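Each remark here refers to the structure printed beneath this line.
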Amino acid sequence: LKEEKEIIFSVVVCTYNGASRIISALTPLVQQKEIDMQRVEIIVVNDSSKDSTKNIVTNFIHQHQETKLCYIGLSKNYGPSAARNTGVQKARGTFVCFTDDDCIVPIDWLASFQKAFSENPEIAGVGGWYQTNENPDESVFDRFLFWRHLPNTINSYKSVNINGSQNLCGNTANVCYRRSALITIGGFNPAFYKPTYED
């Protein structure tokens, strides 16, 4: 029997009615470069979609059997915090990465996280912001958030959350944490049901 390699990265992608966009999100995840994909697992948590998300994801899994892909279907719509917590509970990796079903990550996304953690072994999380300029549905709010966080996308810096001060480490569209840190803090707060401040 071939010995299975230790999982380093667990990628959690939560989706709700994501049938029209989930393949665009999953494709670059199975094509990551500069990383041993045998040490990566991708966990799709379907937050009780009403569309054909389940069929689309399970077909994608069958087409990519060389990649460790896992599908979890929730019995009802619990919201993004609970869905992400489900992914964390299933995760086997040292690090847990999060992205959304409407995001397309760069081909070196995981390699960038690996480099940051290797160079900064004391940190609990690494993340960045995102751009929506290729999205025809981009709102004024999306543009505001992009400009507000532009310094965070250009610069690299460390921050510490002391006495409740803001500690930006990206958001759940583009972030990676040590699994041990997520477990220690108890995961995401499921009281935040809507996708906004649960990040």
Next item on the list: Given a cut-off of 21 Å, name the pairs among Lys90/Lys115; Lys50/Lys90; Lys50/Lys76 whose C-alpha atoms lie farther apart than that in the structure shown.
Entry: Lys90/Lys115; Lys50/Lys90
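So what is the accessible area of the stretch 1-99 per residue, in Å², with the probe set to 1.4 Å? The partial results should precede the final answer.
Working: 4740 Å² over 99 residues.
Averaged over the residues of the stretch 1-99, the accessible area is 48 Å².
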Next item on the list: Highest first, please rank the peptides 14-27, 54-67, 90-103 by the mean number of other Cβ atoms sitting within 10 Å of their residues.
Entry: 90-103, 14-27, 54-67
Notebook entry, point to check: Once you charge only the Cβ atoms, +1 for Lys and Arg and -1 for Asp and Glu, what is the size of the charge dipole of the stretch 1-88 about its Cα centre, to the nearest 20 debye?
Noted result: 300
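With a 1.4 Å probe and every protein chain kept in, tell me what percent of the accessible surface of the stretch 1-71 is carbon plus sulfur.
In the stretch 1-71, the share of accessible area belonging to carbon and sulfur is 47 percent.
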Next item on the list: Enumerate the calculated ³J(HN,Hα) couplings along the stretch 5-22 in order (Karplus 6.51 cos²θ - 1.76 cosθ + 1.60, θ = phi - 60°), each rounded to whole Hz, writing x wherever the residue is Gly or Pro.
Entry: 6, 4, 7, 9, 10, 10, 9, 9, 10, 8, 9, 9, 6, x, 3, 7, 10, 5
Item checked: Principal axis box of the stretch 1-103, alpha-carbon based, largest edge first, Å -> 39, 26, 25
Notebook entry, point to check: Could you give the nm distance between label points at His64 and Ser180, where each point is 7 Å from its Cα heading toward the beta carbon?
Noted result: 2.9
Checklist line | Net charge, Arg92 excluded, C-beta distance under 14 Å - Lys, Arg +1, Asp, Glu -1 | finding: +3
Item checked: Euclidean distance between Cα centres, the stretch 4-19 to the stretch 54-108, Å -> 3
Margin query: Can you compute 3J(HN,Hα) from phi for each residue in the stretch 186-192, using the Karplus curve 6.51 cos²θ - 1.76 cosθ + 1.60 with θ = phi - 60°, rounded to whole Hz and x for Gly and Pro?
Written below: x, x, 8, 7, x, 5, 8
Check: Non-local amide H neighbours of Gly73 (under 5 Å, H modeled in plane, Pro and chain starts lacking H): which ones?
Finding: Asn46
Item checked: Residues with amide H under 5 Å from that of Val11, placed H, sequence gap 5 or more -> Glu41, Ile42, Ile43, Cys97
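The values are calculated or read from the model by the stated rules, or taken from the named source; none is laboratory data. Computed from a predicted model, the values in this text were never measured in an experiment. Glycine also receives a Cβ, built like all others from the backbone with ideal geometry; neighbour counts cover every protein chain displayed. Note: areas computed on protein heavy atoms with side chains; ligands, DNA, RNA excluded. Shrake-Rupley method; radii C 1.70, N 1.55, O 1.52, S 1.80 Å.
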